[in-house]
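Peer 1: One structure, pasted below without further comment.
The values are calculated or read from the model by the stated rules, or taken from the named source; none is laboratory data. Remember, predicted model here, so these are calculated numbers, not experimental data. Note that each Cβ is placed from the backbone with ideal geometry, even for glycine, and that neighbours are counted across all protein chains shown. Just the protein is used for accessible areas: all its heavy atoms, side chains included, with ligands, DNA and RNA removed. Shrake-Rupley method; radii C 1.70, N 1.55, O 1.52, S 1.80 Å.
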Amino acid sequence: MAHLIRHKLTNKLTNAAHTVSNKSQAKVSGVFARLGFQAATDEEGLGFAECDDLDYDYRQGMQMDVLQGDEDGGQMEGEGEMEGDSHYQRDGTGQRPPAIKAGGSLDEDKPKITSWEAGWNVTNAIQGMFVLGLPYAILHGGYLGLFLIIFAAVVCCYTGKILIACLYEENEDGILVRVRDSYVDIANACCAPRFPSLGGHIVNVAQIIELVMTCILYVVVSGNLMYNSFPGFPVSQKAWSVVATAALLPCAFLKNLKAVSKFSLLCTLAHFIINILVVAYCLSRARDWAWEKVKFYIDVKKFPISIGIIVFSYTSQIFLPSLEGNMQKPSEFHCMMDWTHIAACVLKGLFALVAYLTWADATKEVITDNLPSTIRAVVNLFLVAKALLSYPLPFFAAVEVLEKSLFQDGGRAIFPDCYGPGGRLKSWGLGLRVALVVFTLLMAIFVPHFALLMGLTGSLTGAGLCFLLPSLFHLKLQWRNLLWHHVFFDVAIFVIGGICAISGFIHSIEGLVEAFRYNIHD
């Protein structure tokens, strides 16, 4: 009898452990699958903005599984460790346990990304479509604009590294262990214990603003490119923006990004080809380059907007914690950041300089508008297609963040769940998504200025997420281990970033108000 009871109890414990293992593996695989998809396809890096929420789901799921396992008396154990993960620990109590398959074997095929894949992802994030506005920044900054492109690359590379350093703390043995998983975790740790969730809310708000503003920029650039591609058509830029938004309305029905993922990589390759075509055309006119136009002067009124444009083109910090945590060898993260930002600095500087030298004072907000009409239409049509296919990525990420924080945050949600039984989106939830698309259209209509919007976004959220918050968090969480020159760099970056953010924000707002008044009277 005792043997029979012991046998049944053993079977129950084994089944419970296997169930917990399968749930955990499914969650981890889901997170990695999403990350792997976006690492290969998201040319602007904006899809990674939802990784903080994915990490939150992963951690909550792991906690629930552990609690369930404790109730059933089960416990997951694993032997060995994954290559490259020897120092990656979720807390200071020991090594991260490897995933276990249903049969009890180690899951050695868990998808991870290499440093080259991570570098490709970062490169796409900071070498995206918005580099088309950099020659306009040189127009108002001259050689100082070129210096700022280099300076922003150095600072963003440094702040990306110190942001990752905030994920780690030393345990009792003096070994660095990973105790945080996302930008939100770092922000919450800095505001604890008085305001344990304030920092996360600030980061989420900045993230939503950046995502929505990016959607607006895609609508603006689509209308601008179409208007300048067919100047003979009796259609205004605002009307072209309406046409572009009509094509984007199906985004409100998106449940996932599978429908657009197959096009994203092609769009990225097309963008690189377009950049090469622009540079090739500029080189063909090298004899006419206006070197005398590049001076050591700045347009005091418009150069702060250029600062925002340059900073915005380097934004990638929001997804770096998730990226580093899913690398095969996280120890190679620093090297990856170095070569990606050096490459971005060189390519951006050359692209901006040769484009400005070609058109000088006639340089427009979107540089492709300066191309001859014979090739402008073809190039701009490719760019419009790229912008329209890129729009769903930030839109879907913004929708997920808003839905999770406002409608699906358990008992803490402000509004009722927007999903009904079976995961079907309720009609009013669909209406809110359509309203978000229409909002991006209205902003694009009333403020159809690519450079102003890009400068505002870079000054408001780019400087905050790339300059201010990383340096502040690093001083707060790592001050005991910092050398004097690290403290100096962090304080200097915080001060310089604050000055740039405030000046760029003020001048961008002034420009937007003037543009808004003009469009209202028009």
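Peer 1: Counting only residues that are modelled with pLDDT of 75 or more and open to solvent by 70 Å² or more (accessible area, probe 1.4 Å), which one in the stretch 243-268 is farthest from LYS386 (Cα to Cα)? Can you show your working first?
Peer 2: Just the residues of the stretch 243-268 that are modelled with pLDDT of 75 or more, to begin with: 243-254.
From what's left, open to solvent by 70 Å² or more (accessible area, probe 1.4 Å): 243, 250, 253.
On the way: VAL243: 15, PRO250: 16, PHE253: 20 Å.
The extreme case among them is PHE253.
Peer 1: Could I ask something else about it? Out of everything in the stretch 271-288 that is surrounded by 18 or more Cβ atoms within 10 Å (Cβ to Cβ) and of a type in the set (A, V, I, L, M, F, W, C), what residue ends up being modelled with the highest pLDDT?
Peer 2: CYS282
Peer 1: When both residues are 6+ apart or on different chains and their Cβ atoms are under 8 Å apart, which pairs have a first residue that lies in the stretch 478-493 and is under 18 Å from GLY160 (Cβ atoms) and outside any helix (DSSP H, G or I), and a second that is open to solvent by 30 Å² or more (accessible area, probe 1.4 Å) and not basic (Lys, Arg)?
Peer 2: Partner pairs satisfying both residue conditions: LEU482/LEU475.
Peer 1: May I pose another question? I'm trying to understand the selection: among the residues of the stretch 289-310, which are open to solvent by 10 Å² or more (accessible area, probe 1.4 Å) and assigned to a helix (DSSP H, G or I)?
Peer 2: TRP291, GLU292, LYS293, PHE303, PRO304, ILE305, ILE307
Peer 1: Within 18 Å of the chain's Cα centre (by Cα), at pLDDT 90 or above, under 30 Å from LEU453 (Cβ atoms) and not in a loop (DSSP other than H, G, I, E, B): which single residue out of ILE208, ILE202, ILE186 fits that description? If you could, list the steps in order and put the result at the bottom.
Peer 2: Numbers: ILE208 fails: at pLDDT 90 or above; ILE202 fails: at pLDDT 90 or above.
Answer to the selection: ILE186.
Peer 1: Considering only the stretch 170-200, state which residues are in contact with a strand residue (DSSP E or B) (Cβ under 9 Å, 6 or more places away or on another chain) and open to solvent by 80 Å² or more (accessible area, probe 1.4 Å).
Peer 2: Scanning the stretch 170-200 gives GLU170, LEU176.
Peer 1: Hey, any hits in the stretch 378-390 for a residue that's aromatic (Phe, Trp, Tyr), assigned to a helix (DSSP H, G or I) and open to solvent by 10 Å² or more (accessible area, probe 1.4 Å)?
Peer 2: Within the stretch 378-390, the first condition is being aromatic (Phe, Trp, Tyr), and the residues that meet it are 382.
Remaining after also requiring assigned to a helix (DSSP H, G or I): 382.
Checking the rest, the ones that are also open to solvent by 10 Å² or more (accessible area, probe 1.4 Å) come to 382.
Within the stretch 378-390 (the criterion being aromatic (Phe, Trp, Tyr), assigned to a helix (DSSP H, G or I) and open to solvent by 10 Å² or more (accessible area, probe 1.4 Å)), the answer is yes, since at least one residue qualifies.
Peer 1: Please count how many residues of the stretch 105-147 are assigned to a loop (DSSP other than H, G, I, E, B) and modelled with pLDDT of 85 or more. Show your work before the answer.
Peer 2: Of the stretch 105-147, the ones assigned to a loop (DSSP other than H, G, I, E, B) are 105, 107-112, 114, 127-128, 142.
Restricting the remaining residues to those that are modelled with pLDDT of 85 or more gives 114, 142.
Of the residues in the stretch 105-147, 2 are assigned to a loop (DSSP other than H, G, I, E, B) and modelled with pLDDT of 85 or more.
Peer 1: Could I ask something else about it? What's the number of the condition GLY160 fails, among (1) in contact with a Phe, Trp or Tyr (Cβ under 7 Å, 6 or more places away or on another chain); (2) more than 30 Å from VAL447 (Cβ to Cβ)?
Peer 2: The failed condition is (1).
Peer 1: Can you name every residue in the stretch 391-425 that is among the charged types (D, E, K, R), open to solvent by less than 50 Å² (accessible area, probe 1.4 Å) and modelled with pLDDT under 75?
Peer 2: Listed by number, the list holds a single entry, ASP409.
Peer 1: ALA152: over 28 Å from PRO448 (Cα atoms) and either among the aromatic types (Phe, Trp, Tyr) or in a helix (DSSP H, G or I) (or both), yes or no?
Peer 2: Values: over 28 Å from PRO448 (Cα atoms): no; either among the aromatic types (Phe, Trp, Tyr) or in a helix (DSSP H, G or I) (or both): yes.
Spelling it out, it is not the case that ALA152 is over 28 Å from PRO448 (Cα atoms) and either among the aromatic types (Phe, Trp, Tyr) or in a helix (DSSP H, G or I) (or both).
Peer 1: Looking at (1) touching a Gly at 6+ places or on another chain (Cβ under 7 Å); (2) open to solvent by 10 Å² or more (accessible area, probe 1.4 Å); (3) closer than 20 Å to LEU453 by Cβ; (4) among the hydrophobic types (A, V, I, L, M, F, W, C), which one does LEU139 not meet, given that it meets all the others?
Peer 2: (1)
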